[in-house]
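One structure below.
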Amino acid sequence: MKKQITPALIFLLLACRMATAGPTGPQTPAMMEETPSFKEAGLSNHGNFNPAQSEKTIWPEIASKEKIAREAARIAGEYHDMGWFSGVVLLAEKGKPFYQQAFGYADIKNKVPNTMDTKFRIGSINKDYTAVLVLQMVEAGQLTLEDKLAKFQLGFPADIAGKITLRQLLNHTAGFGDIFIPEYLDNIRSYKSIDDIIPLLREEPLAYEPGTDQQYSNYGYIVLGAILEKVSGKSYEQLLQENIFQPLGATNTLCRIAEEIEGEARSYRYTLSGEKVDHTPLLEYPTPDGGMYSTAAEQLDFFQALFYTDKLISDKSKALMLTDYSDAPPAWENIIGQEGAVLGFAGGGPGVSAVVEIILKEQYLFIVLANTDRNIAELISRRIEQSALERPVEKVQLPAGNYLYGILQKKGDQYLRQNIEKLLEQGGYESKSPMLLNQMGYTLLEEGKTKEAIEVFRINTELYPEEANPWDSLAEAYLRSGDEKMALKYYRKALEIDPDFPSARKMVEELGE
């Protein structure tokens, strides 16, 4: 599937990571994976180039390539040995690889190993290709970032289409919600094209007034794809071929489903019990928001060309991409010359995790593509980045949910309830927020373990009784179990704490009738 909170999934960091953003409402089972929706969006970290920070020099020294490669092999190897990581790692300087290694299987059932030629889904890194196509049309005078949606006559109501600009679609401020409504989720494989998806939200009210907020929306990038097709008279895939793939000689980056690709990695969900479950038959069709397949080598070619040549877009367009499509971006030379600046592009979803990190000035690219999920590529790339910047490298460890689930299985919910803070500390886990158990509970629901999910959500309400979200999640678990009476009770409890909690309010209206 494609996933999930940041415009174009680009973050510019000054040798540090921004605080992780996340959804404030209840999460669907897949939302807990990589980021906040059901598509392969990407990292929930986001930052923009800040000229005020341009004089800071943070960790300007880069480790030797030998040390970075050695650490990358250790980090990826440890995650593979614990049964989590399956995929490839490629590290390069100025476009030339200095470390590359494949781990695990592309197809577990048939024991087909991953290789450096294996094609992986890249999730919302796809969005960066879409953004490049838009910026190319802007440079050609076919579009402007201030063009209104109404100009393209896609069938949106006039009061909506007259407000939204291309700039807002690109930086996720257009007001659109996302496509993960029951109609879509219940029939994922029936939505095969842009034209199939556009009607889903075309008549729906906006989530907020355009330009007043920023909420990640896969749908917004599907709308951009529709605009590209309308203006060019060509399909999205044809535009990719003519304007990106062919100029770069990319023959292994494909906008197709797995069944149509040779040499692809099947996508495996990494469960709380440590199993890998094949999710490939449930993957969505690729669209402009995510879902393409590519190799590590062609991701290197794309990003090297994007930021260090003029093969794809101009310097002005590059600066726009990295400043949230600001109407007054700094000069590109000020961005690319920033000491310690790190770019990150990511995608993730069930059975998918992909990251490209770039130490911008020094032209180091770290690429991790995985056919397992739960942010594994980001976890590996972050530790490689830490090593490269001579920072303390975080410990390699299982997801906190897997760690706690093992304890739950061995010692029961009462033991977990009484000792969770001590257990997290002993295990070296820092998270003590309600989101940890909330995510664990939704993963259990996804795995069909409803009774255990209810136990976990109940523990969460006891630990965080003044938070609305744990009560809302407990209510949803009861609803899935078929107990509407208990569900209504806990939805009402969530509303007592937060009268504006949207999902609880909606469900009380439905169940209370």
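Values quoted throughout were computed directly from the atomic coordinates according to the rules given, and no laboratory measurement underlies them. Since the structure is predicted, the reported quantities are computational estimates derived from the model, not experimental observations. When we count neighbours, we look across all protein chains shown, and the Cβ atoms used for this are built from the backbone with ideal geometry, even at glycine.
Scaled against the 2.2 N^0.38 Å expected of a compact globular protein of N residues, the Cα radius of gyration of the range 128-232 reads 1.02. Under 5 Å between amide hydrogens, built in the peptide plane, is the criterion, and for Gly175 it picks out Gly211, Gln215 among residues at least 5 positions away or on other chains. Backbone phi angles across the range 184-197, fed through the Karplus curve with coefficients 6.51, -1.76 and 1.60 (θ = phi - 60°), yield HN-Hα couplings of 7, 4, 7, 9, 3, 6, 8, 9, 9, 8, 4, 4, 6, 8 Hz in residue order; Gly and Pro are listed as x.
Here the spin labels are modelled as points 7 Å beyond Cα on the Cα-Cβ line, and at Ser314 and Tyr415 they lie 6.6 nm apart. The residues neighbouring Ile108, those whose beta-carbon lies less than 15 Å from its own, together hold a net charge of 0 under the Lys/Arg +1, Asp/Glu -1 convention. Once the mean of 1/r is taken over each pair of separate Cα atoms and inverted, the chain shows a Kirkwood hydrodynamic radius of 23.4 Å. The phi torsions of the range 464-478, fed into the Karplus equation with coefficients 6.51, -1.76 and 1.60 and a -60° offset, translate into couplings of 10, x, 9, 9, 6, 4, x, 5, 4, 5, 4, 4, 5, 5, 5 Hz, rounded to whole numbers, with Gly and Pro shown as x.
Annotation for the range 438-470 versus the range 116-142: alpha-carbon center distance of 38 Å. Note on Glu362 and Ser64: the model spin-label points, each 7 Å out from Cα along the C-beta direction, lie 1.4 nm apart.
Near Tyr105, the amide H atoms lying under 5 Å from its own belong to Asn114; only residues 5 or more places off or on other chains count, and H is placed 1.01 Å from N.
Remark on the range 211-359: hydrodynamic radius 17.6 angstrom, per the Kirkwood mean of 1/r across alpha carbon pairs. For the range 271-364, a simple Cβ point-charge model (Lys and Arg +1, Asp and Glu -1, everything else neutral) yields a dipole of about 60 debye relative to the Cα centre.
Computed from phi, the 3J(HN,Hα) profile of the range 208-215 under the Karplus parametrisation 6.51, -1.76, 1.60 (θ = phi - 60°) reads 6, 5, x, x, 9, 8, 9, 9 Hz, with x in place of Gly and Pro. In this Cβ point-charge picture (+1 for Lys and Arg, -1 for Asp and Glu), the range 236-285 has a dipole of about 220 debye about its Cα centre.
Remark: for residue pairs Lys276/Lys449; Lys151/Lys311; Lys67/Lys395; Lys451/Lys485; Lys163/Lys230; Lys65/Lys127, the C-alpha separation exceeds 25 Å in Lys151/Lys311; Lys65/Lys127. Taking Cβ atoms as reference points and 12 Å as the exclusive limit, the residues near Leu423 contribute a net charge of +3, counting Lys and Arg as +1 and Asp and Glu as -1.
Placing +1 on the Cβ of each Lys and Arg and -1 on the Cβ of each Asp and Glu in the chain, which of Ile358, Gln214, Ile335 has its Cα farthest towards the positive end of the resulting dipole? Of the candidates, Ile358 comes out farthest on the positive side. Let's test the formula: R0 of 45 Å, r as the Cβ-Cβ distance of Ala328 and Asp483. What FRET efficiency results, to the nearest 0.05? Calculated value: 0.25. In this Cβ point-charge picture (+1 for Lys and Arg, -1 for Asp and Glu), the range 128-232 has a dipole of about 220 debye about its Cα centre. Amide hydrogen proximity for Phe98: with H placed 1.01 Å from N in the peptide plane, the residues at 5 or more positions away or on another chain lying under 5 Å are Leu91, Ala92, Glu93.
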